[in-house]
Amino acid sequence: MAAGAPVALLAGGGALPGLLRAALLRRDRSVRVLALRGFAERGLVREADVVVDILDYKRIFAQLEAWAPAEVVLVGTVHRPKPTAFAGALAAFRNRDEIAAILGAGDDGLLAGVIRLLEERGLTVGGIDRLAPELLAGAGVLGAVMPDEPSLAAAAAGQGVLEALSPFDVGQAVVVAARRVVAIEGPEGTDAMLARARRLRRSPRLRAVHGGVMVKMAKVGQDLRVDLPTIGPRTVACAARAGLAGIAIGAGATLIVDGPGTIAEADRRGLFLLGIERRHDRIES
């Protein structure tokens, strides 16, 4: 790529695309934003260079190739397209067997398929962990509240559960209370998992259990260029309503939306926020 080539953001929903854009601009990096219609936040859409439908792959690829970016970053949340629409959109780039394999591989396989399509067209896919590491959680206690020994034991148990589940393409979070697994994140997402944990805590079996910890980490071997675990002030509020003592997240591989605000919310609610080191190697971006 030419010197000074931009970083292109393929931007979905949530605050992260805007945060990454701001972080790159602070580094004097040239940035181009390709916002996904219906997903990207209104403020980002107004500032985007191009707005495009998520299934308009021909236009997406054509625009990215015209920009000739140094790297493309997939950032922000999107909802998985319907299989029929996705298959139709990919028909120009994949045969039916390859499309079926991508659709049948779960979310991880779908993301891997999108990365493969970009790389096959000569585009380099980059990751936030390298481009803007300040957006990621550090190691150790991040706020004013210290975890006690039972909480540390619960965090270690939760980490073990997530590592064991990594090959099965399930969620990135688990709630553990007294070393007992209360809830595992599924397709519904972290907030819904915490709401489920809150309901379960009212049951006779768990009502007397004190505290508990949510652990959220990238999967073992996960490609950190996409789908990094993310928390923010809302996550802390949901964890507090679930009666948890704190949150443990993967250091260096978990995004924190509004880091100062998230830590302040944890302190205000009396929850600890802990960055824990991963015990297995990861795939580098």
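For 215, 161, write out the residues from largest to smallest accessible area, computed with a 1.4 angstrom probe and no ligands counted.
Working: 215 0, 161 35 Å².
Ranked from most to least accessible, the order is 161, 215.
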Of 275, 193, 251, farthest towards positive along the dipole that unit charges on Lys, Arg, Asp, Glu beta carbons give region 173-276 = 193
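Run through region 119-203 and list the GluC sites (Glu not before Pro) located in a DSSP loop whose Cβ has at most 16 other Cβ atoms within 10 Å. Numbers along the way, then the final one.
On the way: sites: 119, 120, 134, 163, 185, 188; in loops: 185, 188.
Passing sites in region 119-203 are 188.
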Take the alpha-carbon centre of region 18-59, take the same for region 167-192, and report the distance between them in whole Å.
-> 31 Å
Determine, from the Cβ-Cβ distance of residue 181 and residue 258 and an R0 of 22 Å, the FRET efficiency 1/(1 + (r/R0)^6), rounded to the nearest 0.05.
-> 0.15
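Going by accessible area, probe 1.4 Å, with all protein chains left in place, what is the ranking of 193, 146, largest first? Spell out each step's value before the answer.
On the way: 193 0, 146 135 Å².
If we order 193, 146 from most to least accessible, we get 146, 193.
Carbon and sulfur: what percent of region 139-236's accessible surface (1.4 Å probe)? Mind showing how you got there, number by number?
Details: 2620 of 4540 Å².
Carbon plus sulfur share of accessible area: 58 percent.
The values are calculated or read from the model by the stated rules, or taken from the named source; none is laboratory data. None of these values were measured; they are calculated from a predicted model. Glycine gets a Cβ as well: all are built from the backbone with ideal geometry, and neighbour counts include every protein chain shown. Keep in mind that these areas ignore ligands, DNA and RNA; they rest on the heavy atoms of the full protein, side chains included. Shrake-Rupley method; radii C 1.70, N 1.55, O 1.52, S 1.80 Å.
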